[in-house]
Structure formats: C-alpha cells, structure tokens
1. Pairs needed: first member in the stretch 70-89, closer than 13 Å to residue 55 by Cα and touching a residue at least 40 places away in the same chain (Cβ under 8 Å); second member anywhere, charged (D, E, K, R) and crowded, with 18+ Cβ neighbours inside 10 Å; C-beta distance under 8 Å; at least 6 residues apart or different chains.
2. Suppose we filter 269, 259 for residues that are within 24 Å of residue 148 (Cβ to Cβ), touching a residue at least 24 places away in the same chain (Cβ under 8 Å) and over 20 Å from the mean Cα position of the chain (by Cα); which single one remains?
3. Give the residue that is surrounded by the most Cβ atoms within 10 Å (Cβ to Cβ), with candidates limited to residues of the stretch 260-277 that are modelled with pLDDT of 95 or more, out of contact with any strand residue (DSSP E or B) (no Cβ under 6 Å at 6 or more places or on another chain) and under 24 Å from residue 291 (Cβ atoms).
4. When you look at residue 256, is it at pLDDT 95 or above and either touching a Phe, Trp or Tyr at 6+ places or on another chain (Cβ under 7 Å) or not polar (S, T, N, Q) (or both), yes or no?
5. Where residues in the stretch 209-246 are touching a residue at least 60 places away in the same chain (Cβ under 8 Å) and of a type in the set (D, E, K, R), which of them is surrounded by the most Cβ atoms within 10 Å (Cβ to Cβ)?
6. Taking residue 269 as meeting all but one of (1) out of contact with any Gly (no Cβ under 6 Å at 6 or more places or on another chain); (2) outside any loop (DSSP other than H, G, I, E, B), write down the number of the exception.
7. Which residues, taken from the stretch 69-122, are in a helix (DSSP H, G or I), crowded, with 21+ Cβ neighbours inside 10 Å, touching a helix residue (DSSP H, G or I) at 6+ places or on another chain (Cβ under 7 Å) and not hydrophobic (A, V, I, L, M, F, W, C)?
8. Taking only pairs six or more apart or across chains, which ones have beta-carbon atoms under 7 Å, a first residue in the stretch 154-178 that is at positive phi, and a second residue that is β-branched (Val, Ile, Thr)?
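The values are calculated or read from the model by the stated rules, or taken from the named source; none is laboratory data. Small disclaimer: the values here were computed from a predicted structure and weren't measured. Cβ coordinates were reconstructed from backbone atoms using ideal geometry, including for glycine residues, and neighbour counts include every protein chain displayed.
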Amino acid sequence: MNLRTFLLAGLLGAVWLSNSLPARAAEFTRTEDVVYGRKDGVALTLDVFQPKQPNGYGVILMISGGWFSSHDGINAGFCQPFLDRGYTVFAVVHGSQPKFVVTEIVGDINRAVRFIRHNADKYGVKPDRLGITGASAGGHLSLTMGTAGGPGKPDAKDPIDRESSAVAAVACFFPPTDFLNYGKPGEDAVGVGILKDFKPAFGPRSDTPEGRQELGREISPIYHVTSNLPPCLIIHGDADKLVPIQQAESFVAKAKSLGATAKLIVKPGAQHGWADIGKDMTLFADWFDTYLRGLPEK
C-alpha cells in the first residue's frame, strides 16, 4: 500500500471502502466536480448528492485522510444514511498535503462552506442549517469548522467570500483535537511523535519546538471552543492508537464545561475504524435530525 492509499484509507478507513452501505442510485442524483474555488491554478471541487425527497437541510462530508483528499475517496454508499433521511450531501475534496499544509486546507474548507451557503437556494437547503461530518483528519476539519467557522469579509470582491463559514452541527469519528497534549499532557504531535509520518501536513512551522507550540494552538480545535459551539457528537474507539480517545474525551469535557452541547460515544475495543462503521452513520443522521431539523431526540 503506497502512502497516499494509506492516508486515504486512514480517514475513510479501509473498512469504510470495503464494507460501507450500498448506494441506491435511483433514489438520488449526483452532480460531480462542482468547482467551489481555485488556488495555484487548481480547481477545488465537491460532489452534490440530492435525495429524491429532500428535507431542505444539508450535510457537508469531509473527504480527508491524513489531510490527503481525492475525488476517488468519495463513496456514494457512505452518503446513503443521510440521503435516506432527505439530507442533501456535499462531499468536499480539499487541496492535499504534502503540497498544501493544514492551515491552507482549513482555508479550503472555509471556502467550501461559504460556497454551499451562497448557493443554498440552488441546492434547496437552508443556508443557516448546515451540518458537517468526517473521520480522523476529516473529523479534525469538521471540528475546526465547528469551533472556528465564522463571518466572511463584508468587502470581499467575491460575494462567496462574504458569506459565513459557520456550521450548525457537527458529527464525526475519532478526530484529533489537541496536538499539544496528544494522548497525555504535554505530548507534542505537531508532525512529531505519533504523527511523525504526517509531518508534511504541518509544514516548516513544525521544524522547531516554538513553531510547533504556536501552530499546535492555531490548528487544535480544543483551543477555540466557546459556549457558542454548535452541538458536537464524536464516536471514538477506546483502543485507537493513531488518535487516542483522550482527544475526544478532553474536547467533550471542555465543551461541556463551557455549557455547550457535546456527546462522546465510545466503541469498546475499537481501533482507528471498525468493520461496521458505516452503520454508525445512522447515529450521525439522528444527531442532525435533532440539532439541524429540530426533531425529538431518539
């Protein structure tokens, strides 16, 4: 398995790709390679999955593993639990490491959310009721939007950049949340230690302890949690060696201490992905039903 295949499998999980729920094409339409932005001469794209009976709400799916993203990683079957509930799904591909680092990738995701909000009427979704989901690096990016998404620039030349990148709810699998306390207090993982193989994603700022401290605080969602955090659900295995469950525990504890809504579901014995992970997407759909649509909690 080459590095890129490993990274992609790490996010969507090899089990996601081989055991994900089957797609029923007759029940949705798919629009591929919608350009939401450009940088360095490269188009940034997303795929739009629209259910036969839309409910008027949107879910943004992060296609990211080890901060590597590819159109090949979009699995239509994995969108099915959302499509079954009537959600329109936006599968977002971002600029990949090693060419682009995490801080640049976060910029892509901000742009994607703004693009979707700007085109909400076109896609039949409520612009202020967007959910976001992903796993591993995609979970990190989801929580980043939950903690740091916000207003655009009112005077931006491009009207899309004037839109907010805030989301209304987050549901994700095993996300890194604190790169400076990774598994235990003081454990630096900003391209070193457990995450040394992912150093290209952190860039040259990770070359020195001082740079890692600064960058770690900038890109770790836990340092940006406020009482205004949108409702967040995390599902995490307690045997995960790549992203320790402490990452989810500390994030949820911080959110609750500030009065925000956050929940952790622990998968006993599970590592970084598990055989029937696709089925747990229905728990995410339940979360969005409650915190996007305002339906009674299941």
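1. Qualifying pairs under 8 Å: 85/289.
2. Values: 269 fails: within 24 Å of residue 148 (Cβ to Cβ).
Exactly one residue qualifies, and that residue is 259.
3. 260
4. On the way: at pLDDT 95 or above: yes; either touching a Phe, Trp or Tyr at 6+ places or on another chain (Cβ under 7 Å) or not polar (S, T, N, Q) (or both): yes.
Considered against the rule, which asks whether it is at pLDDT 95 or above and either touching a Phe, Trp or Tyr at 6+ places or on another chain (Cβ under 7 Å) or not polar (S, T, N, Q) (or both), residue 256 comes out as yes.
5. So, considering only residues that are touching a residue at least 60 places away in the same chain (Cβ under 8 Å) and of a type in the set (D, E, K, R), the one surrounded by the most Cβ atoms within 10 Å (Cβ to Cβ) is 240.
6. Residue 269 satisfies every listed condition except (2).
7. Within the stretch 69-122, 73, 81, 114 meet the criteria.
8. 174/243
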